[in-house]
Structures are given as C-alpha cells and as structure tokens.
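To start, the structure itself, in structure tokens.
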Amino acid sequence: MTALTTAIRLPSVNVRSYVAGGTYIALGLINMLVFTGHTGDATFDLSLPGASVHVPSVHVPGAPTALALGVLCVAIGVVRVVIDLPRWAKRLAIAVVLLATLVALLAWSDAGNTVSMNLLDLTQYTVVNSIPIVLGALSGILCERSGVINIAIEGQLLTGAFAAAAVSSVVGATLGLWMGIVGGSLTGGLVGALLAVMAIKYLSDQIIIGVVINVLALGFTTYLYDRVMAPYGNIWNTGNFFTPYKIPVLGDIPIIGPTFFDSTVFLYFTYILLIVIQVALFRTRWGLRVRAVGEHPTAADTVGIKVLWTRYRNVILGGMVAGIGGAWLTVGSTGSFSPGMSNGIGYIGLAAMIFGRWRPFGAVAAALLFSFSGQLGIELETLSVPIPTQILNMLPYAATIIAVAGLVGRVRAPAADGKPYVKA
Amino acid sequence: MSEQLPATEQPTGPGPAPERPRLLADLDRTGSAIITAITQGSPAVVTALSIFTALVVGAVLVAVTDPVVLRAWDSVGYAPGAAFSATWNSAAAAYSALFEGAIFNPSTVSAAFHGGSVAAIFYPLSLTVYQATPLILTGLSVAIAFRAGLFNIGAAGQFIGGAIVAAWLAADVNMPLGIHILVCVVGAIIGGALVGGIVGELKARTGAHEVIVTIMLNYIMANLLLYLLSSHNLLQAPRETNPIAPTIASNAILPHVGGPPPQAGLGFALALAAAAGVAWLLSRSTIGFRFRTVGANPSAARSAGMSVERSWVLVMLIAGALAGLAAAVVVLSGGSPPPPLVASTVGTYGFDGITVALLGRAKPGGVVLAGLLFGALYAGGTNVAASTSVPTDIVLVLEGLIVLFVAAPPLIKAIYRLRGAAGTGMEAVAKGWNG
C-alpha cells in the first residue's frame, strides 16, 4: 500500500494543461490535414427507412467542414494552454474537441461517397449494444461498492444468457420471454451467490475465484449446449426474442425517439435500474451503508452495520443484474444461445465500471463510448474507409489502460475492495 | 493479507507426534505422518480430493444429461438395478474413453501383436504430453508472477505477442536448419516479454493494477493479431482473403518423436527446461529471493533495500517470455507443416495457464504435473467425443471444477470434514484493486 503511494507520480497542474492543450491542437491538426483529404459532399441520414416522422438528410461539404472543425480544435487547445480555465470549461473543452473530431472523421469518411451514412443506425446500435455492458458494469458496481471484487461478470452474463434461452424456449410464447428474464436473473444471482460464499465465507482470493467461475461457467454452458440444447433445439433453444416496443409520444421525437424510446423492454429497464442504483448508492441511507462497508468495514461494523450480510446481499443482487444483461444476449437480441456468446462483454463491463470510477452514470458513459467505437468500426467498414476496424476496436481497451495508469485523472477503487472482512 | 509469509515457507508437514514410547514412536512415525497429513489436509491431500470431487461431480453431470440414463430412471420403480447400472455405465464409458485417449488404450497392444504399430501404444501418452506443453509454459508464466505477488491474467496477450513474432520469422525468412528454430523461439520469447514488460512498467511507474492492464492488453493484442492477419502486406498469407498467416518454413518446425503429428517433441523438452529454470531462479537465485520477498511483503522488501518496482518489471518480463515460448511451441509444431497461425490458435491457453498455476500451487514442479493432468484431459477429451455421445466440453467442466475446489481449500475441508488449514499458495496475491 505504501509501496504504491510512493510509486504514483501525478503530473502537476501545469503539465496537465500543456498535455491537454497539446492533444487538442494535435487533434485539430489531424482534422485540418488528414480529414480534408476527400472532396465532395457527405450525406448523413437522420431517420431510419420507413420511419413515421421523416427528417431530411443533411448534406455537408466534407473538406471545408473538417477544416473549420480543425481550426476550432486548435483554438480551444491554445486557450486551454494559455488561460487557466474553470473546471466546467475544461470539461466542455474536452467534449467539444472530441465531438468536433468525430464529426470531422464522419464527414471525411462519407465525403464523395455515393452511399449516405445513416447516423441513426450508429446511435441506435450504440445504445442497444451498450445494454449488457451497462448491466455488467452495474453488477460490478453493486459488488465492489460493498467491497467484493467481481471478475465473474463474464460468467454471470453467460449463464444468464443460457438460462434465459432455455427457460423462454421451454415455457414458450410471450410469457416465456418474461420468464426467460426471470430465469436469467436468478441464474446470474446463483453465480453471484457462489462468488459470495467463496469470497466471504471461505475467504478465497476474489480475483482468482472470479476467473475460476468464468472458466466454470464457460465449461458448464458449453457442455450443456452440446449435450442438451443443440440436439433438442426445438425444446431448449427455440430462439424466441422480444420485439421492440415504441413508447407512445417519446418514440416519435425525431432522432432521439428511435434511439432511446423504440427498443426492447431491456433498454427501458436498464434506464430505470441505472437511476435507481445511482440514487440508492449516493442519496440514500442504504447506499451510505453499502459504501461504508466497501470503504471501511471495521468502522461500519462498529456502528452496527452488518458487514457480511451487506456483502452477501450486494454480490447476489449484482449477479442478478448481470444475469438480466445475459438474458439480453439471448431473448433481448438474437434469441438463441451459442457457446461462449458473452465473448468478453463481461470484461468490457468491468472496464466500463473502472473507467466510470465505480459510479453508475460514469459507467454508462464509458459503456456508450465502448459500444460506440465498436459500432463506428462497423459503419466505417461498410463505407470502405481505410481505418481498420481492429484498430478502432482497440481504443476502449487502450483508453482503460490510460485511465488506470492515471494519465488522464486517476481512478481509485473503494478502499476495502477485494479485502475479506474478518471480525477482530 | 500481504503480511503473510509465502505459503511455501509455512510448515505443511505433520503436526507434533503424540507422546508414546520412543521405539513405537519411531516405528510409527511414517504412518502417523501420513495420517496427520490426511486428517489435517495437507496441500497434496486437498489437491487429490479436489480432483476426485471434480471427477465425481463430472460423472454425475455426464449421467444426468444422458438420455439412456434418464429413460432408465423413468422406470426405476420396476427395475431399480437397471437405473443404477445405466448411470454407472454412462459415467464409466466417458471416463474410460478419456483414459484411453490420454494415457493408454489396451486395444493398441493387441493390435501390435497382430502386426499393428508398436508406436501406436504410446500415441495417447505422446498426445497428452503434446497438449500439456503450452499449458505448462503459460502455467509457469502465471505462477512466477504469482510468486512476486502479481496476478498475470495476460498470458493470452503475451502468447499473442510471441505468436506474431514466431509466425513472422518462421514464414518470411529462410535460414539453415537449427538456426531457424532458434531464431523463431528467441523471437517469440522477446515478443512475449515485451507485452509482459509493458504491464510491469505501468505497474512500477503508475501503480496501474496488473489485472486490469493485462485484461485490456489481451483484447488489444487479439485485435492487433486479427489486424496483422488480415493485412496483405503484414502477416497475411499471400493470395489469401481470410485472416490466416503463411505456412511456416520446414526448417522452423520443431522436431517431434515418431509417428504422425501431433506428438510430443522438442517443445516438451523446452517446457521442462523452462520449469527447471524457473525452479532454480525462485529457490536458488538472488532475483528469485527478491521476487518471493516482494510477493510476501512489498513494504518489508522495500525496507530491506530491494527495489519493488524493478522486481515487478523483471518478473513480468519473465512471465511474458514464458508465455511467448508457449506461443513458439504452438506455432512451430503440431503437424507437418504445422497449421498456420489464425486468430483461434490462441484458444484458451492464457486462462488455462491460470488454472494450471492454481492447481500446481504456483510451484514449478506442481505446474508441470498440473499441466500434464490438463493436457491429459484435453487429449482424452477428443476421444470422449469420438467414442461416446458425451461432448468434449466435459473437459472444460472438469478443469473448472478442479480449480474451483483447489482455490477454496476450506470448501474441500468442509466436505470431507478435515481439520487444519492449508494455503492455496496464492495468499501473496490476495489484495484489492488499490494494491
């Protein structure tokens, strides 16, 4: 612990504004020099084909747009270095520069291309694909705020996906879909309970046990898939899934409607859960107690909070939340289960939790960023833009490393995260 | 937790012998030592019980998912014996197929007497050793980091680092026999060490937790591999549209013993040498002593004048090098010519390394044995799927169950009502995100 504090070298404020300003200027120069390379107009569609409210497409001249945005970025960079801005202005500067660079990139990608770029496709898939990442991150937050490290998110997603597919197939019809969510959630909770017992009762190393649970989850679900689900697919894996439900009024708002209010029940549930957990953790007595247990269990115990009970409850709750995220993978998305289908989403959820500094709203922002960079890669590929998808896909992970290395503001876990509590 | 001594330094032998006449006590000592070891649950006993329990649970899983068994149980009222024998037969068939695929198949002996190949008798064992080789190496990678108090989840990423270099050197360059192998192996070791070194450097300089950094690097490396494999002028085979590396040059193929590949060969010798090297390093060298001290108690190591940061960087370099060596073995063997590198070549070697290190209690000898056990499971798993209706994934279940029990000795002790406490050998890493 002391070992680490001495090792941390934070850049001083002055160095930081040079680094930030320099980065903005560099991005601005890229916009001005690289993204002005294509001639012609870029066309952005702002509504999906067949939408009830049609928004006209936007045409922008590619090169001039990128040039103007580049100049803006450079100007912001210069201001950032010269003037000591207040906190809100610094944040605004980051947001504006990133957005400007993104628009310049999109304008460059589509400039001169006969195929228009559908921005709604981009936003809709970004939001939908972030669902399991957000739920996984929320699972991690519930566990880790109470002091138990949850690496097993991946396993909870996978078992949740398996159970949801199996239950919804066996029960069938619409009731089956809802039962699938319940089944996925309970199974995720069961995996959470296994983690809780191992970590809290048997004091096993939480990171190790999490990894082991992931191996076990992959083994069990793949075995059961090959032995039962695949041969008797018409019973166990019928591939039922939820259809989108458009919220009346809100769903008809141009751009925002199709992105946020014309989706499956999973998205709406994710919003609710997100707000509930954010408020519960930071605005209620319950949350104060959870955080006390995660930061300083001895002190929490002294004032009469049941440390172990709090941890059991939160880890199981977290497992249930991740289980719902798993259910999305099957009944919320493609319908049928396939082995190893969580495919690292749990680990991305873990990264989103860390990137979002163990806060629900932060985690959502990170999750959206991660799923956006993935979706952007797919969109750019269809426009045959010479940026390899794989390089774009690396960005979220690189960003997480940069965040934990403290290069852009340091992230810190709850103080007692990962430490078993044994009453003295 | 970091104030504990490394588990290996804890006395794990027999407890004090009870008061008895000297002669009797002398005669009795060996026996009582064994009994104490069993009732107090020494690490070896806990490991054995873990494997046994996992096999029992696996057998139950095989039986309850077997349609034949389920039908027999439907009529358990009239024919209870049939139900039990169907259950037994189902599990026994799977496990004997596992054994025949991994260790020894009696039918090959009779075949040898009737003009068949004698080498075929040893084929299952050879396959086991072949499968075990990369597992031992990634296991060593995870184990040595464990001993310095770091949890290396990144063996997969380091493996990819090594695989990229090995595949590149093996394909595009033509060198004389022997030298080509050496160049590829050394290149892979350097490739893996670089990826591991990044983790060590970041931890030493900024305190970034190695678990997070290694998980992220695994994905970065996986994407890098896919990018290289699908770029024409980089690592993609000529005239290919799929992401696949070129076939490696014949001079770069690791030699193997008799019969058709995949078979055990030079790779296994390299793995054993690496295990011996790690054992020497940990128990006989100053560097190893520093690693263990840093792992047991970084503050004490610092007070004693050791550079904790330098140990972190060095141990991650070595861990990465071992994972890179594993990649060299995989890329340069397994057929004539070996199958070219693709994204799925990486498989689960990284996470298998963790399970192997856990089962081997982070000791080089234990890692070799654990690697052989899991190698046998993988070798036998193919045969299980081929000769019974049980899918090969039963192996994944067994692997997961074994390490679950190994990672939680109190659970095994609760099941078998053993007394005393045996560490997992991993106490040095039991700490949170903040170090």
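The values are calculated or read from the model by the stated rules, or taken from the named source; none is laboratory data. Bear in mind that the values here come from a model prediction, so they are computed numbers and not experimental data. Methodologically, a virtual Cβ is constructed for each residue, glycine included, from the backbone with ideal geometry; neighbour enumeration extends over all protein chains shown.
Scanning for something at positive phi and either modelled with pLDDT under 95 or not small (Gly, Ala, Ser) (or both), does the stretch A:112-123 turn up at least one residue? Taking every residue of the stretch A:112-123 in turn, at least one turns out to be at positive phi and either modelled with pLDDT under 95 or not small (Gly, Ala, Ser) (or both).
Put simply, of B:115, B:161, B:81 the only residue that is among the small types (Gly, Ala, Ser), assigned to a helix (DSSP H, G or I) and surrounded by fewer than 17 Cβ atoms within 10 Å (Cβ to Cβ) is B:81. Does the stretch B:192-199 include one or more residues that are closer than 27 Å to residue A:357 by Cβ and in a loop (DSSP other than H, G, I, E, B)? Among the residues of the stretch B:192-199, not one is closer than 27 Å to residue A:357 by Cβ and in a loop (DSSP other than H, G, I, E, B), which makes the answer no.
Mind checking which residues of the stretch B:343-364 are outside any helix (DSSP H, G or I) and either on the phi > 0 side of the Ramachandran plot or more than 11 Å from chain A (Cβ to nearest Cβ) (or both)? Within the stretch B:343-364, B:347, B:360, B:361, B:362, B:363 qualify. Candidates are the residues of the stretch B:241-289 that are among the aromatic types (Phe, Trp, Tyr) and farther than 27 Å from residue B:175 by Cα; the one that is modelled with the lowest pLDDT is B:289. Applying a threshold of 7 Å to beta carbon distances and a minimum spacing of six or more residues, or different chains, the list of pairs starting in the stretch B:289-317 at a residue that is within 11 Å of chain A (Cβ to nearest Cβ) and ending at one that is surrounded by fewer than 17 Cβ atoms within 10 Å (Cβ to Cβ) and not in a helix (DSSP H, G or I) reads B:297/B:3.
Which residue pairs have Cβ atoms closer than 9 Å, lie 6 or more positions apart in sequence or on different chains, and pair a first residue in the stretch B:358-373 that is more than 22 Å from residue A:205 (Cα to Cα) and free of Cβ contacts under 8 Å to residues at least 40 places away in the same chain with a second residue that is assigned to a helix (DSSP H, G or I) and not β-branched (Val, Ile, Thr)? Going by the 9 Å Cβ cut-off, the qualifying pairs are B:369/B:359. Within the stretch A:144-202, the set of residues being within 14 Å of another protein chain (Cβ to nearest Cβ), in a loop (DSSP other than H, G, I, E, B) and in contact (Cβ under 8 Å) with a residue 24 or more places away in the chain comprises A:146, A:147, A:148, A:149, A:150, A:151, A:152. Looking for something more than 14 Å from every other protein chain (Cβ to nearest Cβ) and within 21 Å of residue B:295 (Cα to Cα) - is there at least one such residue anywhere in the stretch B:174-184? No, because not a single residue in the stretch B:174-184 is more than 14 Å from every other protein chain (Cβ to nearest Cβ) and within 21 Å of residue B:295 (Cα to Cα).
Only one of the numbered conditions (1) assigned to a loop (DSSP other than H, G, I, E, B); (2) away from chain A (no Cβ under 11 Å); (3) at negative phi; (4) at pLDDT 80 or above is violated by residue B:391, and that is (2). State which residue is surrounded by the most Cβ atoms within 10 Å (Cβ to Cβ) when the search covers only the stretch A:222-244 and only residues that are part of a helix (DSSP H, G or I) and more than 9 Å from every other protein chain (Cβ to nearest Cβ). Ranking the qualifying residues of the stretch A:222-244, first place goes to A:229. Check the stretch A:306-327 and report whether any residue there is surrounded by 16 or more Cβ atoms within 10 Å (Cβ to Cβ), in a loop (DSSP other than H, G, I, E, B) and out of contact with any Lys or Arg (no Cβ under 7 Å at 6 or more places or on another chain). Within the stretch A:306-327, none of the residues are surrounded by 16 or more Cβ atoms within 10 Å (Cβ to Cβ), in a loop (DSSP other than H, G, I, E, B) and out of contact with any Lys or Arg (no Cβ under 7 Å at 6 or more places or on another chain).
Return yes when residue A:247 is surrounded by fewer than 22 Cβ atoms within 10 Å (Cβ to Cβ) and of a type in the set (A, V, I, L, M) and no when it is not. Yes. When the test is whether a residue is without any contact (Cβ under 8 Å) to a residue 40 or more places away in the chain and either more than 11 Å from every other protein chain (Cβ to nearest Cβ) or of a type in the set (Asp, Glu) (or both), residue A:352 does not pass it. Against the list (1) more than 14 Å from the chain's Cα centre (by Cα); (2) surrounded by fewer than 23 Cβ atoms within 10 Å (Cβ to Cβ); (3) within 14 Å of chain A (Cβ to nearest Cβ), the condition residue B:417 fails is (3). Taken over the stretch A:277-286, the criterion of being assigned to a helix (DSSP H, G or I) and more than 25 Å from residue A:194 (Cβ to Cβ) is satisfied by A:278, A:279, A:282, A:283, A:285.
You will find that of B:155, B:188, B:170, B:132, the residue that is closer than 27 Å to residue B:382 by Cβ, modelled with pLDDT under 90 and in contact with a helix residue (DSSP H, G or I) (Cβ under 9 Å, 6 or more places away or on another chain) is B:170 and no other. So for the stretch B:124-133 (the condition being over 13 Å from residue B:325 (Cβ atoms), away from every other protein chain (no Cβ under 14 Å) and small (Gly, Ala, Ser)), does at least one residue qualify? Yes: one or more hits.
Among the residues making up the stretch B:111-129, a single one is among the hydroxyl-bearing types (Ser, Thr, Tyr) and at pLDDT 90 or above: B:128.
Filtering A:342, A:338 for residues that are over 17 Å from the mean Cα position of the chain (by Cα), assigned to a loop (DSSP other than H, G, I, E, B) and within 23 Å of residue A:153 (Cα to Cα) leaves a single hit, A:338. Across the stretch B:258-268, not a single residue is classified as aromatic (Phe, Trp, Tyr), over 20 Å from residue B:178 (Cβ atoms) and either more than 14 Å from chain A (Cβ to nearest Cβ) or free of Cβ contacts under 8 Å to residues at least 12 places away in the same chain (or both).
Residue-by-condition table, conditions (1) in contact with a Lys or Arg (Cβ under 9 Å, 6 or more places away or on another chain); (2) within 7 Å of chain A (Cβ to nearest Cβ); (3) β-branched (Val, Ile, Thr); (4) under 20 Å from residue B:291 (Cβ atoms):
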{"residue": "B:203", "(1), (2), (3), (4)": "no, no, no, yes"}
{"residue": "B:206", "(1), (2), (3), (4)": "yes, yes, yes, no"}
{"residue": "B:211", "(1), (2), (3), (4)": "no, yes, yes, yes"}
{"residue": "B:216", "(1), (2), (3), (4)": "no, yes, no, no"}
{"residue": "B:221", "(1), (2), (3), (4)": "no, no, no, no"}
{"residue": "B:228", "(1), (2), (3), (4)": "no, no, no, no"}
{"residue": "B:232", "(1), (2), (3), (4)": "no, no, no, no"}
{"residue": "B:235", "(1), (2), (3), (4)": "no, no, no, no"}
{"residue": "B:241", "(1), (2), (3), (4)": "no, no, yes, no"}
